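Okay, so here's the structure we're looking at.
Only the coordinates and a few stated rules stand behind these numbers; no lab work does. All values derive from a computational prediction rather than experimental measurement. Here Cβ is always computed from backbone atoms with ideal geometry, including for glycine, and neighbour counts include all displayed protein chains.
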Amino acid sequence: MSFRKRLAKALIMASKDGVFTLDAIKAASGVGDSLVNDFINLLINEGVLVRVGDGYRSTMPPHRLIRYFMGKGVNIDLESMSRYLPWDEFEALIRLVFEEWGFKVVSRLRVPVAGSRVEFDVIAGKRPWVLLIEAKRWKRVSSSIRQIVSRHLEKVGLVAREPEVLMSRIGINWGEAVLVPVVITWHRVSTELIDGVPVVGIYQVNSFINELDGLINETRSFRVSWGHI
């Protein structure tokens, strides 16, 4: 792992609880004094950190810090950090990336269908697509993943039967849309299709969105229409 990745990982872990010290970053990263000082000073100059007494505090929550480092080309192994971060930080990171692409995003939405309720971790809409996203910490493709993909497909199929219920909950009134089930994981994997459902590593989300037009014909999707809400 490069020293930049070690420093970024150490910072995210140290900053989640508030004020931290230089010594905490040095101990967690194993990087020498000079590189740590340069790293901290750069982040102060860019408004990412502020001094608090003898320590420092991040101006960003963990998911925005991760996104900041992604933008700098520093892709941290989030899977190895997952036990240190609240689960909702992963969902918030997914939400942030889609919002940056101009999607309307809601999270943790429960939708009544067929006498029960189904829940989606994140829903991202940008005409004509409505992406229904399952967020998982899978390490590799396995039979259990295929089972969860199957259940996710089933949920999307259920809401596709009565799309006006979903659309009223997320405030979309286009009259027609393409529902796309998607799975996003911590693990650094290349995008692949399982039963037609894209399984996307978090660091592949930007390229997935950029290539969505070309991928849609290979992807399991549901074209729906509804009356005015």
Would you mind computing Rg(Cα) / (2.2 N^0.38 Å) for the chain, counting N as its residues?
-> 1.14
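Can you give the FRET efficiency for Ser144 and Leu42, using 1/(1 + (r/R0)^6), R0 = 45 Å, r = Cβ-Cβ distance, to the nearest 0.05? Intermediate results must be reported in sequence, preceding the final value.
Values: r = 42 Å, r/R0 = 0.93.
With a Förster radius of 45 Å, E is 0.60.
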Which of Glu218, Glu162 has the fewest Cβ neighbours within 10 Å, and the rest in rising order | Glu218, Glu162
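Rounded to the nearest 500, what is the 222 nm mean residue ellipticity of the chain from helices alone, with -39500 (n - 2.57) per DSSP H run of 4+ residues and division by all residues? Walk me through the intermediate numbers first.
Working: 10 runs with 99 residues, N = 229.
Taken over the chain, the calculation gives -12500 deg cm²/dmol.
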Evaluate the relative contact order of the chain (contact order divided by residue number), counting alpha-carbon pairs under 8 angstrom at least 6 apart; express in whole percent.
-> 15
May I ask you to give the average projected area over all directions of the convex hull of the Cα atoms of the range 3-76, in nm² rounded to one decimal?
-> 4.2
Place +1 on the Cβ of every Lys and Arg and -1 on the Cβ of every Asp and Glu in the range 88-225, take the dipole about the Cα centre, and give the residue among Ser168, Ser144, Val122 whose Cα lies farthest towards its positive end.
-> Ser144
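What share of the DSSP beta bridges in the chain is antiparallel, in percent to the nearest 5? Provide the component values of the computation, followed by the final result.
Details: 26 of 37 bridges.
Counting DSSP beta bridges with both partners in the chain, the antiparallel share is about 70 percent.
Expressed in nm to one decimal, what extension gain is obtained for the pair Glu176 and Arg127 from 0.36 nm per residue of sequence separation less their Cα-Cα distance?
16.7 nm is the gain from fully extending Glu176 to Arg127.
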If every Lys and Arg gets +1 and every Asp and Glu gets -1 at its Cβ, then about the Cα centre the range 3-76 yields a dipole, in debye to the nearest 20, of 360
Filtering the chain for DSSP H helices with an axial alpha carbon extent of at least 15 Å and a Kyte-Doolittle mean of at least 0.0 returns 3-15, 33-45, 87-100, 143-161
